[in-house]
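The values are calculated or read from the model by the stated rules, or taken from the named source; none is laboratory data. All values reported here derive from a predicted model rather than from experimental measurement. Glycine gets a Cβ as well: all are built from the backbone with ideal geometry, and neighbour counts include every protein chain shown. Quick note on the areas: whole protein, heavy atoms, side chains included, nothing else; ligands and nucleic acids left out. Shrake-Rupley method; radii C 1.70, N 1.55, O 1.52, S 1.80 Å.
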Amino acid sequence: MARKGLFLVYTGDGKGKTTASLGVTLRAVGRGLNVRYMQFIKSPERTYGEQIALSKLGVEMEQMGIGFTWTKTPEEHRVALAKAWQKAKEALQDDSIDLLVLDELNNALAITKFPIDDVLPLAEILEAIAQRPPTMHLVVTGRSANPALVSMADLVSTIDATKHYYEEGIPAVKGLEF
């Protein structure tokens, strides 16, 4: 029986969505699957611990955004998101990929501070996901998952924020957040 590609969504306000996708990535690499990992918001101008670790395993983690920042204009974000979507759309058609991770896509789709419908057209995204190679597993992460993605997914895990050390004034910690 041929393997069916599954669609997993990790969402919610708690910490651990990217971490969950990294766990799936680790398992897939361990089983010899070809993995592509793409991030919609994080910028290539910074280096992240998970990026370093995945490169040691032979997995490229591609940061396609310009960061969670107020120093960039909406148009700069829009340009980055449009380019990211074009790359992701190509990856969704690549039958050599066994597992594709679109980290932070939910965050990007939930942007309301500036228009994104023309650079991240939801109908086009849904169609590309539905038309991906039949054996490709797909993981999408980020807060505020779009209800259409949730409905389409085979698995949805919502990670709740019960308590976080940020609330105590502890900033991002090397090795835990980056």
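Points to keep in mind about this one:
- Residue within the stretch 82-96 that is touching a residue at least 24 places away in the same chain (Cβ under 8 Å) and more than 27 Å from Leu33 (Cα to Cα) present: yes
- Failed item, numbered, when Leu100 is tested on (1) under 16 Å from Ala148 (Cβ atoms); (2) open to solvent by less than 10 Å² (accessible area, probe 1.4 Å); (3) not in a loop (DSSP other than H, G, I, E, B): (1)
- Of all residues in the stretch 25-64, those satisfying the criterion of being under 25 Å from Thr135 (Cβ atoms), over 13 Å from the mean Cα position of the chain (by Cα) and assigned to a loop (DSSP other than H, G, I, E, B) are Arg31, Gly32, Leu33, Asn34, Leu57, Gly58, Val59, Glu60.
- Test for Arg3: is it within 11 Å of the chain's Cα centre (by Cα), open to solvent by 30 Å² or more (accessible area, probe 1.4 Å) and among the charged types (D, E, K, R): no
- For the stretch 37-81, filtering for residues that are open to solvent by 50 Å² or more (accessible area, probe 1.4 Å), within 17 Å of Ala108 (Cβ to Cβ) and not polar (S, T, N, Q) leaves 8.
- Test: residue in the stretch 9-21 that is farther than 14 Å from Arg143 by Cβ, open to solvent by less than 50 Å² (accessible area, probe 1.4 Å) and not in a loop (DSSP other than H, G, I, E, B): no
- Answer residue from the stretch 66-102, given it is β-branched (Val, Ile, Thr) and out of contact with any strand residue (DSSP E or B) (no Cβ under 9 Å at 6 or more places or on another chain) and is modelled with the lowest pLDDT among those: Thr69
- When Gln63, Gln39 are checked against the criterion of being modelled with pLDDT under 95, under 25 Å from Val150 (Cα atoms) and not basic (Lys, Arg), Gln63 stands alone in meeting it.
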